[in-house]
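Working notes for the structure below.
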Amino acid sequence: MTPPTLLALGATLLACIFAIAAAHSLASGRARRQDLVDRLDAYPAGGGPATGTGGTRARRFAAVDRRLRRTRLGRSVHLRLSATGLDLTAGEFTVYVAVVAAALWLLAASTLAPFFGPIAALVAIYGALIFLNWQRQKRIEAFINQLPDVARLLANATAAGLALRTSLAMAAEELEAPAGEELSRVADQLALGRSVDDALDELATRLPSRELIVLVTTLVLSNKAGGTVVSSLRNLTKTLEDRKETRREIRTMLSEVNATAFTVPLLGLGSLILVNASNEGALARVTDSGIGRALVLIALALYGIGFFVIRRLGRIEV
């Protein structure tokens, strides 16, 4: 063989070796990435380990969850779920909501009229979003109720000479959920090398409240500039206790208003069921015409406006 031929064969063999190595590296990288995704899917949205055989719960609809998280909607649902503490993935929640919406569509179409099927499905989807917001607000309220204990533990740990990172980890071990879970997540982020400012800012974004913002600001400023953090935390503990009592009194006074807000739409739904039960097929005949459908939509819109107005009147920021 001539030298050019040998050179070409050598270059071809070298290229084949590089191609095989690149394919092996690509396959290995994909396998590691899939293994990481599977391990992350074994944890709930709240961040703690799931329960089940071997300490983890088998996740349903894993393929749906992986595809959904690549979209903006999936990431938004995942962030909402992470703030609620529910043991659900974005894929599981989406599938469950879709099943409930389809069931309500069929139920409303068969019980009332076919016109009410899509409306019932939209109400189910909106109700799921309300449920997420309610769970998030419930978790925020529970966390706010624990904030005096958080500030007290951090003040005592700081007075004992412990660093802020160690104080946060100790408070995470001492407190129950949700404060224990959230501070444990912060401690894990700090252990992975994240800064105190970023970890606490993410906590304040995940569970927004004025009380938590004040606590985070106090901790961040003391971590940056130093100062009398112990006295500041102890004064903050007293303030948080007073705000806790005030919020409890306001919530008790507004319980009747909140109950009225949900009673108004239920009265409208009950009236529709009674009308259709007393005169079978009445709603189907009403919604056969354009005027009837428009009147029904106007009535539903008025009930919705009444719900939002009553809720807005019963909202007091403390």
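Residues in the stretch 279-293 that are out of contact with any Gly (no Cβ under 6 Å at 6 or more places or on another chain), surrounded by 11 or more Cβ atoms within 10 Å (Cβ to Cβ) and not acidic (Asp, Glu): 7 in all.
Of the residues that sit in the stretch 300-318 and are open to solvent by 40 Å² or more (accessible area, probe 1.4 Å) and under 22 Å from Pro118 (Cβ atoms), which one is modelled with the lowest pLDDT? So, considering only residues that are open to solvent by 40 Å² or more (accessible area, probe 1.4 Å) and under 22 Å from Pro118 (Cβ atoms), the one modelled with the lowest pLDDT is Phe308. The set of residues in the stretch 67-110 that are assigned to a helix (DSSP H, G or I), small (Gly, Ala, Ser) and within 30 Å of Gly180 (Cβ to Cβ) comprises Gly74, Ser76, Ser82, Ala83, Ala90, Gly91.
If we scan the stretch 131-142, do we find a residue that is assigned to a helix (DSSP H, G or I), farther than 21 Å from Ala83 by Cβ and open to solvent by 20 Å² or more (accessible area, probe 1.4 Å)? Checked the stretch 131-142: no residue is assigned to a helix (DSSP H, G or I), farther than 21 Å from Ala83 by Cβ and open to solvent by 20 Å² or more (accessible area, probe 1.4 Å). Among the residues of the stretch 50-66, which ones are in a helix (DSSP H, G or I) and modelled with pLDDT of 80 or more? Ala62, Ala63, Val64, Asp65, Arg66 - these are the residues of the stretch 50-66 that are in a helix (DSSP H, G or I) and modelled with pLDDT of 80 or more. Residue selection: Arg285 fails the criterion of being closer than 25 Å to Leu183 by Cβ and of a type outside the set (A, V, I, L, M).
Based on this model, can you work out whether Val296 counts as modelled with pLDDT of 85 or more, among the β-branched types (Val, Ile, Thr), assigned to a helix (DSSP H, G or I) and within 26 Å of the chain's Cα centre (by Cα)? For Val296, the condition - modelled with pLDDT of 85 or more, among the β-branched types (Val, Ile, Thr), assigned to a helix (DSSP H, G or I) and within 26 Å of the chain's Cα centre (by Cα) - is not met.
Do the conditions hold for Glu202, that is, is it more than 18 Å from Leu233 (Cβ to Cβ), free of Cβ contacts under 8 Å to residues at least 60 places away in the same chain and in a loop (DSSP other than H, G, I, E, B)? For Glu202, the condition - more than 18 Å from Leu233 (Cβ to Cβ), free of Cβ contacts under 8 Å to residues at least 60 places away in the same chain and in a loop (DSSP other than H, G, I, E, B) - is not met. Among the residues of the stretch 273-283, are any in a helix (DSSP H, G or I), in contact with a Lys or Arg (Cβ under 8 Å, 6 or more places away or on another chain) and in contact (Cβ under 8 Å) with a residue 12 or more places away in the chain? No, because not a single residue in the stretch 273-283 is in a helix (DSSP H, G or I), in contact with a Lys or Arg (Cβ under 8 Å, 6 or more places away or on another chain) and in contact (Cβ under 8 Å) with a residue 12 or more places away in the chain.
For the stretch 181-189, the criterion of being assigned to a loop (DSSP other than H, G, I, E, B) and surrounded by fewer than 20 Cβ atoms within 10 Å (Cβ to Cβ) is met by no residue.
Within the stretch 159-172, can one find any residue that is at pLDDT 80 or above, small (Gly, Ala, Ser) and either within 19 Å of the chain's Cα centre (by Cα) or closer than 18 Å to Arg139 by Cβ (or both)? The answer is yes, given that some residue of the stretch 159-172 is at pLDDT 80 or above, small (Gly, Ala, Ser) and either within 19 Å of the chain's Cα centre (by Cα) or closer than 18 Å to Arg139 by Cβ (or both). When the stretch 125-137 is filtered for residues that are free of Cβ contacts under 8 Å to residues at least 24 places away in the same chain and closer than 24 Å to Glu173 by Cα, only Gln137 remains. When Arg234, Arg243 are checked against the criterion of being open to solvent by 80 Å² or more (accessible area, probe 1.4 Å), part of a helix (DSSP H, G or I), out of contact with any strand residue (DSSP E or B) (no Cβ under 6 Å at 6 or more places or on another chain) and basic (Lys, Arg), Arg234 stands alone in meeting it. A Cβ distance below 8 Å, combined with a sequence gap of six or more or placement on separate chains, defines the contacts here; from the stretch 69-83, residues that are buried (at least 18 other Cβ atoms within 10 Å of the Cβ) reach residues that are outside any helix (DSSP H, G or I) and of a type in the set (A, V, I, L, M) in the pairs His78/Ala45; Leu81/Ala45; Leu81/Leu88; Ala83/Leu207.
The values are calculated or read from the model by the stated rules, or taken from the named source; none is laboratory data. Here the structure is a predicted model, which is why all the values come from computation and not from measurement. When we count neighbours, we look across all protein chains shown, and the Cβ atoms used for this are built from the backbone with ideal geometry, even at glycine. Remember, those area values only see protein heavy atoms, side chains included, never the ligands or the DNA or RNA. Shrake-Rupley method; radii C 1.70, N 1.55, O 1.52, S 1.80 Å.
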